[in-house]
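These notes are about the structure you will find just below.
The values are calculated or read from the model by the stated rules, or taken from the named source; none is laboratory data. All values reported here derive from a predicted model rather than from experimental measurement. In this analysis, Cβ positions are derived from the backbone assuming ideal geometry, glycine residues included, and neighbour counts consider all displayed protein chains. Protein only, heavy atoms only, side chains kept; ligands, DNA and RNA dropped before computing areas. Shrake-Rupley method; radii C 1.70, N 1.55, O 1.52, S 1.80 Å.
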Amino acid sequence: MNKLPDSLAIAFWVVGACWLVAIMAYAFGGPTELIVPLVMLGILTGVAEWALRRR
């Protein structure tokens, strides 16, 4: 079985983390104001990891 390209693997992790944060916030009745910054932090982390792996 072939390894996933780095960009695709990072994209899966970012999307999965965003969904997990949204589901956890919904399940525990968290404020919606918390979801957007956490999702943005996840996206920025994914972009930073992708940029570092390209080097």
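Most tightly packed first, judged by the mean number of other beta-carbon atoms within 10 Å of their residues, the peptides 20-31, 38-49 read 38-49, 20-31.
Considered as an equivalent ellipsoid built on the Cα gyration tensor, the chain has semi-axes of 26, 13, 4 Å, the largest given first.
For the chain, take the longest principal axis of its alpha carbons; what is the angle in degrees between that and the long axis of helix 32-54, to the nearest 10 within 0 to 90? Relative to the chain, helix 32-54 is tipped by roughly 10 degrees.
Given the rule -39500 (n - 2.57) for each run of at least 4 DSSP H residues, summed and divided by the residues of the chain, what is its mean residue ellipticity at 222 nm, to the nearest 500 deg cm²/dmol?
Details: 2 runs with 45 residues, N = 55.
Taken over the chain, the calculation gives -28500 deg cm²/dmol.
Model label points for I43 and L4, set 7 angstrom from Cα along the Cα-to-Cβ axis, are 1.9 nm apart.
Taken per residue, the accessible surface of the range 4-55 reaches 82 Å², heavy atoms only and a 1.4 Å probe.
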